[in-house]
Amino acid sequence: MAMGKILSSGPILLFLLYLVALVSLPADAAVKRYQFDVQVKNVSRLCHAKPIVTVNGMFPGPTIYARDGDRVVINVTNYAQYNMSIHWHGLKQFRSGWADGPAYITQCPIQNGHSYTYDFNVMGQRGTLWWHAHIFWLRATVYGAIAIMPKQGTPFPFPQPYRETNIVLGEWWNNDVEEVVKQGNKLGLPPNTSDAHTINGKPGPLFPCSEKHTFAMEVEQGKTYLLRIINAALNDELFFAVAGHNMTVVEIDAVYTKPFTTQAILIAPGQTTNVLVQANQAPGRYFMAARPFMDAPLTVDNKTATAILQYKGIPNTILPILPKLPLPNDTAFALSYNAKLRSLDSPLYPANVPLKVDRRLFYTIGLGINPCPTCLNGTRLTASLNNITFVMPDIGLLQVHYFNIKGVYTADFPDRPPQPFNYTGAPLTANLGTTSGTRLSKIAFNSTVELVLQDTNLLTVESHPFHLHGYNFFVVGTGIGNFDPAKDPAKFNLVDPPERNTVGVPTGGWTAIRFRADNPGVWFMHCHLELHTGWGLKTAFVVENGKGPDQSILPPPKDLPPC
């Protein structure tokens, strides 16, 4: 009967349905939905087969495609034996901290057999970001790219490439990564370094059993290609180069830069870099290669991963040429490369650097040794900010803040170290103990923050890539040695400094960043070397709600995983 009524109402109904379709089209078109099944799969590399945790059975996992302005909805179902959470690295998560993903910071992990839907808007961002597991060392295999296109009709501020390719740099262990970490923790020492580096999950032909585990991209003479390069390695800063070809850097951490040409790039764990490569060389096969940068006296997996850039029509029998990469300890290259990075700072993409600072923070980065009754030699290596080793709670800190739960954390993280000292002088080996606690720093909404991160020679100096969740920041200054508050700020770049979400603090040096705290919530800040994060080199900012209607955290979703 009802159906008959609908049919008899004729043209009016059709017109109404047409109107509804018109109204709902843009909303539907702007929602990107993904299903992520976390599952264990057997994978073979370097003549070793082992089970690894994957998303949808893929290694690396699927790429998320979105446009600036889209809503992204990703349902994650966990079929693995490990608890799981996923972080959408570099996405600002404006008021949607529940979707940020770091376990025990913004959520409890998703347990085996359960699901959680990450639901967030992409606002004012475009370029390359990435996603990865944010619990234990599971990001060794659980990671993938995020490619955000500009709004429809908005061109790139650089020549339109013919094609684009993701280049995701990673690390591979022959043994189960979680077991490797447990072994290290038992000893109170760093776990074994990785057995290979990888490009798109493949180590390349310089490794045993890797002929078929080599990534190759085909190019056509005269065409320009965009490489979206991501460092998903757990513990290594990497150099990357393409034999015989220059690269033009056009973007870092999903922020456009003033273009410059280079033979190699430096990329720290957590960072992304977009480069243009012109296929303008003699047709042939050319290696792309990645290997670590380490200018401190520490052991790393010093092996070179390779992939192949192959001109169309060239047979596979031609042997590729290797690129000239900087030496593993080439500090001069690292410093000069980072100094070339500048925000585009155009009318369309301005660099809104905070010029007035409301809150000045100074954090020292240190390694230490604490007693450990369960470790074989009675002590364990540890790490700290301002001499505080961060203790992870067993409930999400965002919930604690939102529901005002008492007794989980204190908001008394010090703005500066308890005792000033000669931070980068001779190696400091006295009083290497640290204090432990879940201590956070409270920041007023919309206040401007300057944070100086200072490396120290406690045990050893080392380069540390720091990632701030929920924000981009401007890297206004950097230097070697101790930061001098009287002289160094005069040299800050407040015009077009690079804007990013992850910054390398140079070995035995300092970096100054500025940001405006306009995103309320609890935001993790940590070293992106997984080893150091596990040792406690992390903290979080509690950014308070503002007074306006859209200046407070949104309520938690109904399916937020329980603890």
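Take the Cα pairs of the stretch 277-397, get the Kirkwood Rh, then feed it into Stokes-Einstein at 10 °C and 1.306 mPa s and tell me D in µm²/s. Intermediate values should be presented prior to the final figure.
Working: Rh = 20.8 Å.
Translational D for this selection: 76 µm²/s.
Can you tell me, using C-alpha contacts under 8 Å and at least 6 residues apart, the relative contact order of the chain as a whole percent? Display every interim value, and only then the final one.
Details: 1488 pairs, mean separation 78.2, N = 563.
Reported as a whole number, the value is 14 percent.
Provide I405, I229 ordered by accessible surface of protein heavy atoms (probe 1.4 Å), highest first.
The ranking, largest first, comes out as I405, I229.
With a 1.4 Å probe and every protein chain left in place, work out the accessible area per residue of the stretch 359-551 in Å², rounded to a whole number.
Values: 7300 Å² over 193 residues.
In whole numbers, the stretch 359-551 has 38 Å² accessible per residue.
Per the helix-only calculation at 222 nm, which mean residue ellipticity applies to the chain, given -39500 (n - 2.57) for every DSSP H run of n ≥ 4 and division by its residues, nearest 500 deg cm²/dmol?
Numbers: 6 runs with 58 residues, N = 563.
Here the helix-only value at 222 nm equals -3000 deg cm²/dmol.
List the trypsin sites (Lys or Arg not before Pro) within the stretch 190-232 that DSSP assigns to loop and that have no more than 10 neighbouring Cβ atoms inside 10 Å.
On the way: sites: K212, K223, R228; in loops: K212, K223.
For trypsin sites (Lys or Arg not before Pro) across the stretch 190-232 that sit outside H, G, I, E and B with at most 10 neighbouring Cβ atoms in 10 Å, the list reads K212.
When a/c reaches 1.5 or more, the comparison of a/b and b/c decides; with that in mind, is the stretch 83-238 rounded, prolate or oblate per its Cα gyration tensor? Can you show the working numbers first?
Values: a/c = 2.60, a/b = 1.15, b/c = 2.27.
Taking the square roots of the gyration eigenvalues as a ≥ b ≥ c, the stretch 83-238 is oblate.
Shape call for the stretch 359-551 from the C-alpha gyration tensor, a ≥ b ≥ c root eigenvalues: rounded (a/c under 1.5), prolate (a/b greater than b/c) or oblate? Numbers along the way, then the final one.
Numbers: a/c = 2.06, a/b = 1.11, b/c = 1.86.
It comes out oblate by the Cα gyration axes.
Taking the Cα centroid of the stretch 532-549 and of the stretch 142-215, what is the distance between the two, rounded to the nearest whole Å?
Centre-to-centre (Cα) distance: 27 Å.
Taking a probe of 1.4 angstrom, what is the accessible area of R291 in Å², to the nearest 10?
About 50 Å², ignoring ligands and nucleic acids.
Let me check something: with ligands and nucleic acids excluded, how do W173, W535 order by accessible area (1.4 Å probe), largest to smallest? It would help to have the intermediate numbers written out before the result.
Values: W173 10, W535 35 Å².
Highest to lowest solvent-accessible surface, that is W535, W173.
In debye to the nearest 20, how big a dipole does the chain give about its Cα centre with +1 on each Lys and Arg Cβ and -1 on each Asp and Glu Cβ?
On the way: 44 positive and 39 negative charges, 124 e Å.
Once rounded to the nearest 20, the dipole reads 600 debye.
Percent relative contact order of the stretch 163-340, based on C-alpha pairs within less than 8 angstrom and at least six residues apart? Show your work: numbers first, answer last.
Numbers: 428 pairs, mean separation 44.0, N = 178.
Dividing the mean separation by the residue count of the stretch 163-340 yields 25 percent.
Can you give the accessible area per residue of the stretch 25-107, in Å², using a 1.4 Å probe?
Values: 3060 Å² over 83 residues.
That works out to 37 Å² for each residue.
If you average the sequence gap of Cα pairs under 8 Å that are 6 or more apart and divide by the length of the stretch 359-551, what percent do you get for the contact order?
About 27 percent, as a whole number.
Using DSSP to call loops (not H, G, I, E or B), can you name the GluC sites (Glu not before Pro) in the stretch 211-244 whose Cβ has at most 16 other Cβ atoms within 10 angstrom? Intermediate values should be presented prior to the final figure.
Details: sites: E211, E218, E220, E237; in loops: E211, E220.
Those that pass, being in a loop and sparsely packed, are E211, E220.
Please report the antiparallel percentage of DSSP beta bridges with both residues in the stretch 359-551, rounded to the nearest 5.
Working: 36 of 51 bridges.
That works out to approximately 70 percent antiparallel.
How do the peptides 515-521, 265-271 rank, highest first, by the average count of neighbouring beta carbon atoms within 10 Å per residue?
Working: 515-521: 21.9, 265-271: 25.0.
So the peptides 515-521, 265-271, ranked by packing, come out 265-271, 515-521.
Going by Cα centres, the stretch 467-484 and the stretch 63-79 are how many Å apart?
Here the answer is 30 Å between Cα centres.
Around Q93, under 12 Å between beta carbons, what's the net of Lys plus Arg minus Asp minus Glu among the other residues? All intermediate terms of the calculation are to be shown ahead of the outcome.
Values: positive: K92, R95; negative: D100, D119.
That works out to 0.
Just to confirm a number: summing +1 for Lys and Arg and -1 for Asp and Glu over residues other than A147 whose beta-carbon lies under 9 angstrom from that of A147, what do you get? Each step should come with its number before you reach the end.
Values: positive: R228; negative: E164.
Its environment carries a net charge of 0.
Note down the nm distance, to one decimal, between modelled labels 7 Å out along Cα→Cβ at T429 and at Q221.
My value for the distance between the label points is 6.2 nm.
Could you list which residues have their amide H under 5 Å from that of G481, counting only those 5 or more apart in sequence or on another chain, with H placed in the peptide plane?
The answer is G509, W510.
Hey, how many Å between the Cα centroid of the stretch 366-409 and the Cα centroid of the stretch 281-344?
First find each Cα centre; the distance between them is then 37 Å.
So what's the projected area for the stretch 163-340, the Cα convex hull averaged over all directions, in nm²? If you can, show how the numbers build up before the last one.
Numbers: hull surface 43.5 nm².
About 10.9 nm², averaged over all directions.
Considering the dipole of the stretch 386-486 built from charges on the beta carbon (Lys and Arg +1, Asp and Glu -1) around the Cα centre, which of N386, L440, N404 is farthest to its positive end?
N404
For each cysteine in the chain, check whether another cysteine's C-beta sits under 4.7 Å from its C-beta; list those where none does.
C527
Over 24 Å between Cα atoms, which of K186/K303; K32/K258; K324/K538; K41/K312; K92/K538 qualify? List each step's numbers first, then the result.
Details: K186/K303 27 Å; K32/K258 31 Å; K324/K538 36 Å; K41/K312 34 Å; K92/K538 19 Å.
Over 24 Å apart, Cα to Cα: K186/K303; K32/K258; K324/K538; K41/K312.
For a quick protection proxy, order the peptides 413-423, 360-370 by their average other-Cβ count within 10 Å, most packed first.
Details: 413-423: 14.4, 360-370: 20.6.
Ranked from most to least packed, the peptides come out as 360-370, 413-423.
DSSP beta bridges in the chain, what fraction antiparallel, as a percent rounded to 5?
Details: 102 of 142 bridges.
Of those bridges, close to 70 percent are antiparallel.
When Lys and Arg each count +1 and Asp and Glu each count -1, what net charge do the other residues less than 10 Å away from N482, Cβ to Cβ, add up to? If you can, show how the numbers build up before the last one.
Details: positive: none; negative: D455, D484, D488.
Taking every Cβ under 10 Å from that of N482, the sum is -3.
Ordering Y402, Y116 from largest to smallest accessible area (1.4 angstrom probe), what's the sequence?
Details: Y402 85, Y116 0 Å².
The most accessible residue leads, giving Y402, Y116.
Roughly how many Å² of E171 are accessible to a 1.4 Å probe, to the nearest 10?
Taking all protein chains as shown, E171 has close to 10 Å².
Calculate one ³J(HN,Hα) per residue across the stretch 181-197 by plugging θ = phi - 60° into the Karplus curve 6.51 cos²θ - 1.76 cosθ + 1.60, and present them in order as whole Hz with x for glycine and proline.
Computed from phi, the couplings for the stretch 181-197 are 5, 4, 4, x, 4, 4, 7, x, 10, x, x, 4, 5, 5, 8, 6, 9 Hz.
Report K32's accessible area, 1.4 Å probe, all protein chains in place, as a number in Å² to the nearest 10.
Roll a 1.4 Å probe over it and K32 shows about 60 Å².
Say R0 is 51 Å: what FRET efficiency, to the nearest 0.05, do V495 and K32 get from their beta-carbon distance?
Details: r = 36 Å, r/R0 = 0.70.
The formula returns an efficiency of 0.90 here.
Which percent of the accessible area of the chain is formed by carbon and sulfur heavy atoms (probe 1.4 angstrom)?
The nonpolar share, carbon plus sulfur, comes to 57 percent.
The values are calculated or read from the model by the stated rules, or taken from the named source; none is laboratory data. Small disclaimer: the values here were computed from a predicted structure and weren't measured. Note that we place each Cβ from the backbone using ideal geometry, even for glycine, and neighbour counts take in every protein chain shown. Accessible surface areas use protein heavy atoms only, side chains included; no ligands, DNA or RNA. Shrake-Rupley method; radii C 1.70, N 1.55, O 1.52, S 1.80 Å.
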